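Everything on this sheet refers to the single structure shown next.
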Amino acid sequence: MTVRITPSILNADFARMGEEIGRISSADGVHIDVMDNHFVPNLTMGLPMVEALRKVTDLPFDAHLMIEDPDRWAPDYVEAGAQTVTFHLEAAKAPIRLAREIRKLGGRAAVALKPATPIHQLADVLTEFDQILLMTVEPGFGGQSFLDCVLPKIRRTRELIDGTGAEIWLQIDGGVSAETIGRASEAGADTFVAGSAVYRADDPDEAVRHLRSLARQARTLTGHEH
């Protein structure tokens with residue numbers, strides 16, 4: 001199983017965003033948090049930021065839409081240059097239809113679940129998605145502590161994904177750091193969103209490489225290589 005580190009630019013310097021992405025050249029992608037101050041109590045970047053950043057980097061974009069009406073807006077993010085568009089199960093009115101629309105436009109469709117949303121709601125339709133994002137904090141703000149209570153959900157999701165035989169990425173987002181990434185990797189996550197752990201480091205790119213190494217090491221040591 002490939003380990004991927006996709007830093008969140010929520011913790012980057014917004015005044016120098018193009019340069020900030022240049023500081024994570026070994027990352028597997030860029031996680032762009034879109035918040036509307038309705039679905040979550042915070043307001044961040046949107047379509048114009050995705051369009052602007054697309055011009056300065058070739059790294060894949062994962063637009064994480066923490067917004068109230070993803071059915072209306074998610075397809076626009078594919079057209080703005082995001083390779084993956086993640087919407088919340090709790091916000092989507094027709095999640096399978098939306099996932100199919102994203103795929104039809106050439107994007108990867110991803111669905112996100114808050115910590116208290118059970119994975120069994122998706123058990124029979126997992127193959128409609130290219131990625132499952134399990135939030136390991138309550139969405140809305142960067143810098144929160146990792147919720148260990150989500151680890152059993154990561155394990156269960158890994159079992160369900162493996163049972164499909166499909167290539168579906170299992171991403172986690174929230175409180176990912178050198179102290180927590182091993183536990184999440186051992187539980188079965190393969191794609192990790194890290195914000196402050198990367199952008200508060202003296203060398204963000206070295207932080208990316210270190211996190212990737214720790215995730216691989218944890219899986220190897222526990223014999224959970226899939």
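The values are calculated or read from the model by the stated rules, or taken from the named source; none is laboratory data. All of these numbers come straight from a predicted model, not from anything done at the bench. Counting neighbours? That spans all protein chains shown, and the Cβs are built from the backbone with ideal geometry, glycine included.
Filter region 19-51 for residues that are free of Cβ contacts under 8 Å to residues at least 12 places away in the same chain and at negative phi; which is surrounded by the fewest Cβ atoms within 10 Å (Cβ to Cβ)?
That would be Pro48.
Quick check: is even one residue across region 195-205 modelled with pLDDT of 95 or more, over 20 Å from Asp13 (Cα atoms) and aromatic (Phe, Trp, Tyr)?
Within region 195-205 (the criterion being modelled with pLDDT of 95 or more, over 20 Å from Asp13 (Cα atoms) and aromatic (Phe, Trp, Tyr)), the answer is no, since none of the residues qualifies.
Take region 139-150 and flag every residue that is surrounded by 14 or more Cβ atoms within 10 Å (Cβ to Cβ), without any contact (Cβ under 8 Å) to a residue 60 or more places away in the chain and of a type outside the set (S, T, N, Q).
Residues satisfying the conditions are Phe146, Leu147, Val150.
Out of Asp124, Asp62, I need the residue that is assigned to a strand (DSSP E or B), closer than 24 Å to Ile154 by Cα and of a type in the set (D, E, K, R). Which one?
Asp62
Does Asp62 satisfy the criteria of being of a type outside the set (A, V, I, L, M), farther than 20 Å from Gln131 by Cβ and either at pLDDT 95 or above or surrounded by fewer than 19 Cβ atoms within 10 Å (Cβ to Cβ) (or both)?
no
Can you tell me which residue among Val40, Val34 is part of a loop (DSSP other than H, G, I, E, B), under 24 Å from Pro75 (Cβ atoms) and in contact with a strand residue (DSSP E or B) (Cβ under 6 Å, 6 or more places away or on another chain)?
Step by step, each of Val40, Val34 is checked, and only Val40 is part of a loop (DSSP other than H, G, I, E, B), under 24 Å from Pro75 (Cβ atoms) and in contact with a strand residue (DSSP E or B) (Cβ under 6 Å, 6 or more places away or on another chain).
With Thr180, Thr157, Thr136, Thr191 as the choices, which residue is crowded, with 21+ Cβ neighbours inside 10 Å, polar (S, T, N, Q) and in contact with a Lys or Arg (Cβ under 6 Å, 6 or more places away or on another chain)?
Result: Thr191 is the single residue among Thr180, Thr157, Thr136, Thr191 that is crowded, with 21+ Cβ neighbours inside 10 Å, polar (S, T, N, Q) and in contact with a Lys or Arg (Cβ under 6 Å, 6 or more places away or on another chain).
Considering only residues that are closer than 24 Å to Arg100 by Cβ and either out of contact with any Asp or Glu (no Cβ under 9 Å at 6 or more places or on another chain) or of a type in the set (A, V, I, L, M) (or both), which ones fall in region 52-72?
Of everything in region 52-72, those that are closer than 24 Å to Arg100 by Cβ and either out of contact with any Asp or Glu (no Cβ under 9 Å at 6 or more places or on another chain) or of a type in the set (A, V, I, L, M) (or both) turn out to be Arg54, Phe61, Asp62, Ala63, Leu65, Met66, Ile67, Pro70, Arg72.
Does region 112-138 hold any residues that are within 18 Å of Ala194 (Cα to Cα) and of a type in the set (A, V, I, L, M, F, W, C), and which are they?
Ala112, Leu113, Ile132, Leu133, Leu134, Met135, Val137, listed by residue number.
Just to check your reading of the model, which residue among Glu90, Glu79, Glu101, Glu68 is in a helix (DSSP H, G or I), farther than 30 Å from Gly22 by Cα and not small (Gly, Ala, Ser)?
Glu101
Working only within region 150-201, note down all residues that are part of a helix (DSSP H, G or I) and among the hydroxyl-bearing types (Ser, Thr, Tyr).
The answer is Thr157, Thr164, Ser185, Ser196, Tyr199.
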